[in-house]
2 protein chains.
Amino acid sequence: MAKAKNILFIMFDQLRWDYLSCYGHPHLETPHIDRLAAMGVRFTRAYIQSPICGASRMSTYTGRYVHSHGASWNNIPLKVGEMTMGDHLRRAGMDCWLVGKTHMAADAEGMARLGLEPDSIIGARVAECGFDVFERDDGMLPEGPDGSYDPDGAKEYNKYLQSKGYDSDNPWHDFANSALDDDGNVLSGWFLKNSPMAANIEESDSETPYMTRRGMEFIEQAGDAPWCLHLSYIKPHWPYIVPEPYCDMYGPNQVLPPVRAQAEFDNAHPVLKAFMTTKIGESFSQQHVREAVIPAYMGLIKQCDDQMGVLFDWLEKTGRMEDTMIVLTSDHGDYLGDHWMGEKTFFHDTSTKVPLIIYDPSEQADATRGTTCDALVESIDLAPTFVELAGAKPADHILEGESLMPILHGSARATKRDYVICEYDYSGSPLSPKLNVDVRDAVMFMIATEEWKLIHCEGGYRPILFDLRNDPDELTDLGDSPDHQPIIDQMYDKLFAWARRPSQRTTRSKDQLIAMRGKSGRKGIVLGVYDEDDASPETTVKYRGRKAPHWTNRHGNPVRTSDD
Amino acid sequence: MAKAKNILFIMFDQLRWDYLSCYGHPHLETPHIDRLAAMGVRFTRAYIQSPICGASRMSTYTGRYVHSHGASWNNIPLKVGEMTMGDHLRRAGMDCWLVGKTHMAADAEGMARLGLEPDSIIGARVAECGFDVFERDDGMLPEGPDGSYDPDGAKEYNKYLQSKGYDSDNPWHDFANSALDDDGNVLSGWFLKNSPMAANIEESDSETPYMTRRGMEFIEQAGDAPWCLHLSYIKPHWPYIVPEPYCDMYGPNQVLPPVRAQAEFDNAHPVLKAFMTTKIGESFSQQHVREAVIPAYMGLIKQCDDQMGVLFDWLEKTGRMEDTMIVLTSDHGDYLGDHWMGEKTFFHDTSTKVPLIIYDPSEQADATRGTTCDALVESIDLAPTFVELAGAKPADHILEGESLMPILHGSARATKRDYVICEYDYSGSPLSPKLNVDVRDAVMFMIATEEWKLIHCEGGYRPILFDLRNDPDELTDLGDSPDHQPIIDQMYDKLFAWARRPSQRTTRSKDQLIAMRGKSGRKGIVLGVYDEDDASPETTVKYRGRKAPHWTNRHGNPVRTSDD
């Protein structure tokens, strides 16, 4: 009987929920991912906790909201002491390994304060967000006048490319993420104009196949003890450029029209407008930019899907398909010009909703194979799901999500929540001074039910409201509609209740708190008891019938004692 | 010129704000504490963050709200990673030592996870809430059928008593906190009926003088490097019993009538009613209990005041009065029958407001000597005040209070806040099942401005509201008054804003976040740039004019390179 023993936790980066054929894309066929969906459960309302890599991932890895763990933007370190998926899983007897990207920034100051050496086992795990590292590759080695955003990015991969003869100090850039013109000039994938060209690299040497092989290499050597492998791809994240044959598979004809309305732009809420009018927003609002980028983005996804085919075939061949839960998701979406925006970093579904497919080989999951689930799901649900699979009870005083196991096994149709939360912190972005919003206030919260989505921007702004039932494309902001004030109030009430949750009471479980009740009385604390005869003789027995030994008080009078 | 170099941070336990003559008590003369007030600033609206020892202290020591640090009740461990006063001060070059009580519960599980040994320097500090321990004495060694609430409580003090001939396995109980009857029986101070009797101990051997001497011993050996000493007394906390001569100083004639109203009891909000009708509430609502307890409580305070006289005289003699800031406060109050309650654990001023006096010897503080300050102050303000005194900038992304230095130095008349917050978690108390309230919901928030106090109880209850201007005794709950709905809404708005604060974004300061703005661009991240000619040549120079070396593509065609 098949039973999940391991977890293969696959994450793509910046993969929109609707750019897979199983999620309805009309031109992009992704048969291998679709096949996984046919073998498992496909979630249609899976939300991430922040529309940016670092913060979203820290929530997924800790199982906690951004407001709870505080690592609210890329490179804001996850504070030492925060528990991760790895901590919870190891406690449950399952190893937890990384191949690929986490976007983890270590809390070097906190580690130094606690004397944690980065090269110790504990220190390395703290620095790597709880994972043991088979290979870390955050997927980028950009370079600018002030150095590199991530000097160690793509380190092993670059070594691999160099060993294969890609002769450059930064083959990640010059080959994997650039094209070549007829004069031998490197055409950088950073410039969107170059996106339609082929990356100057053998397809099998490009990042996605490389990472797939690294994942298989991990699994091959993993042994019999249960493991969780986070196989975390950088793609289809920018730079938007893909090698042949994928670069030629799609063209402007397959580029869907942008989901947007002129009134949406003209009447935009000031914070939303600020995002629309960044260079990114203005660029992706132009059709020629979309037509350059989107075919490459689709090609990157097609390559990802083909690699899933390679991986799933290999898992089948090696028997791992029988004992491995496979989870496939993304850390956020990509606007691609929808709503007059590019990138992610705002709260439309195109950015905050992600594909999520879970295949559980266990017999108990047979009933749900090939089904979809429309329940409100959050990426923080994965950690408790994994802990339950590992055989332990999720620590629900720490983990803020819900295990999806009941849904996977058909014993529940929905999660217990009636809303999802997503957050974004732009205090470290130039938009904060542009809007003249203080560091304290440069944060936003999204709360969404199945029907409504409210976005609250700190700093004294009115809310943004979308009617998800009647306006699923989120084109009409009802945040200033008097008719919708009752809905706005209800949504704010929910957000308020959420904000008051005891998210930091992480050192005592529910059971431990219940066990504390009344305990101090039986350990000698006597409160409000006037006369010992009014008190339970059992609990106060230690204070009765005691005889004081001989002792002379300060007046020199002998005090009577039991010896007298 | 006198200048504060050290900090003597004196905390009493369960000392009501109004049981000192400088705060207006009509019968209890406390000339020594009054003298400190005459030399410094006396704060009239100083609130603690939780009306219970452990949670209140964890807020004072971390400088953070309970909702931020999570140690929301006695013996809920402060999670590893939380920074304390000691961490901040040592970074500023000031040692931070403990003599007395903290009520710290170490996060043993978190420490084990991070490999922190309790006997290492770092581990010991983490386990002791950031203090270096000269002597820890949580002030109690109660005993019950299930053992002791605090097996190590009063450990050194008990040894001291034994060395002085107090012959018992628990002289803390049998002598310091018990009387003796004519037949040589120990009359336990745990039973309130015994409160009027003299504790069976030489006054100079009782806890308060002992702890004063230990504080002086610390200071004597402290050397010239700047120090902060937390001299933390257990008294006037229960057991309510005091040795001669203090036990005879006050009697029923000096017991003030209880602040309460019959209607207050009859119409009480269900949660408040549950607190009133505990054994403690019922007991302290009886006049004979009050008349037994309050004179002893007053005697304990009188003894504390006399010890302050001893201490201050000694500081003067040794020159420390010239270079030591002295802070005197309490961790919460005591109902003593007011509002039909005993103990603390609710939100009337009698419990949540504390005395706070700060004496700064520096010349800059001369202008404010002997003044009072009515500003809204919280106990979390002490940590940043201390850090500023130590010469550093308080880390306001971690510390949630405000430095009081501007008030002490006369450059400000008030804090910047317009409300204070206090919280209570009763999930580990029998009241939670009594009210049939879940662990998640057994929490309450108080928010108070100068005019209003709103108490929000989770679990679907209506709020409690007091009009502090017109009803300073807080006898009339306006929480169900339709006329006050606008006030209630305003108070909830403030609480909501507070609950959304980014309290966990502790790994990056405001300055660091501001410095991050736009930085990624200069480190090679290029976003939304279509054509390299549209981009800043400076930031994208690394991606221009690169020549690819010779490499043969997968079709076997030589790729043109710069060598061609």
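Overview of results
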{"item": "Residue among A:Thr368, A:Thr345, A:Thr352, A:Thr329 that alone is open to solvent by 20 Å² or more (accessible area, probe 1.4 Å) and β-branched (Val, Ile, Thr)", "result": "A:Thr345"}
{"item": "Verdict on A:Val293 being in contact (Cβ under 8 Å) with a residue 40 or more places away in the chain, within 28 Å of A:Met249 (Cβ to Cβ) and either open to solvent by 10 Å² or more (accessible area, probe 1.4 Å) or within 21 Å of the chain's Cα centre (by Cα) (or both)", "result": "no"}
{"item": "Strands (runs of 3 or more DSSP E) enclosed by the stretch A:102-190 - at least 2 residues per element that are at the interface with another protein chain (Cβ under 9 Å from one of its Cβ atoms) and surrounded by 21 or more Cβ atoms within 10 Å (Cβ to Cβ)", "result": "A:178-180, A:186-188"}
{"item": "Matching option when the condition is among the polar types (S, T, N, Q), outside any loop (DSSP other than H, G, I, E, B) and either at pLDDT 95 or above or open to solvent by less than 70 Å² (accessible area, probe 1.4 Å) (or both), among A:Thr539, A:Thr506", "result": "A:Thr539"}
{"item": "Within the stretch B:479-503, tally of residues that are among the charged types (D, E, K, R) and open to solvent by 70 Å² or more (accessible area, probe 1.4 Å)", "result": "4"}
{"item": "Residues satisfying the stated conditions in the stretch B:208-218, i.e. touching a helix residue (DSSP H, G or I) at 6+ places or on another chain (Cβ under 7 Å), within 25 Å of A:Gly524 (Cβ to Cβ) and open to solvent by 10 Å² or more (accessible area, probe 1.4 Å)", "result": "B:Tyr210"}
{"item": "Residues that are β-branched (Val, Ile, Thr) and assigned to a helix (DSSP H, G or I), drawn from the stretch A:48-101", "result": "A:Thr60, A:Thr62, A:Val66"}
{"item": "All strands (runs of 3 or more DSSP E) inside the stretch B:399-493 with 3 or more residues being within 14 Å of chain A (Cβ to nearest Cβ) and touching a residue at least 60 places away in the same chain (Cβ under 8 Å)", "result": "B:420-425, B:443-448"}
{"item": "Test: A:Ile33 is more than 13 Å from the chain's Cα centre (by Cα), buried (at least 24 other Cβ atoms within 10 Å of the Cβ) and within 29 Å of A:Met321 (Cβ to Cβ)", "result": "yes"}
{"item": "Index of the failed condition, B:Met216 passing every other in (1) farther than 30 Å from B:Gly86 by Cβ; (2) under 28 Å from the mean Cα position of the chain (by Cα); (3) away from chain A (no Cβ under 14 Å)", "result": "(1)"}
{"item": "Within the stretch B:296-313, tally of residues that are more than 21 Å from B:Pro196 (Cα to Cα), in contact (Cβ under 8 Å) with a residue 60 or more places away in the chain and out of contact with any Ser or Thr (no Cβ under 9 Å at 6 or more places or on another chain)", "result": "2"}
{"item": "Pairs where the first residue, in the stretch B:231-256, is in the same structural domain as B:Asp331 (by TED's automatic domain parsing) and of a type outside the set (A, V, I, L, M) and the second is open to solvent by 20 Å² or more (accessible area, probe 1.4 Å) and part of a helix (DSSP H, G or I), C-beta under 6 Å, 6+ apart", "result": "B:Pro243/B:Glu203; B:Tyr246/B:Lys302; B:Pro252/B:Glu291"}
{"item": "Some residue of the stretch A:232-254 being more than 13 Å from chain B (Cβ to nearest Cβ), more than 23 Å from A:Asp18 (Cα to Cα) and either among the small types (Gly, Ala, Ser) or not in a strand (DSSP E or B) (or both)", "result": "no"}
{"item": "Test: residue in the stretch B:432-439 that is surrounded by 20 or more Cβ atoms within 10 Å (Cβ to Cβ), closer than 18 Å to B:Gly70 by Cβ and not hydroxyl-bearing (Ser, Thr, Tyr)", "result": "yes"}
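The values are calculated or read from the model by the stated rules, or taken from the named source; none is laboratory data. Computed from a predicted model, the values in this text were never measured in an experiment. With ideal geometry, Cβ positions are generated from the backbone for all residues, glycine too; neighbour counts draw on all protein chains shown. Side chains are part of the model used for accessible areas, which takes the heavy atoms of the whole protein and leaves out ligands, DNA and RNA. Shrake-Rupley method; radii C 1.70, N 1.55, O 1.52, S 1.80 Å.
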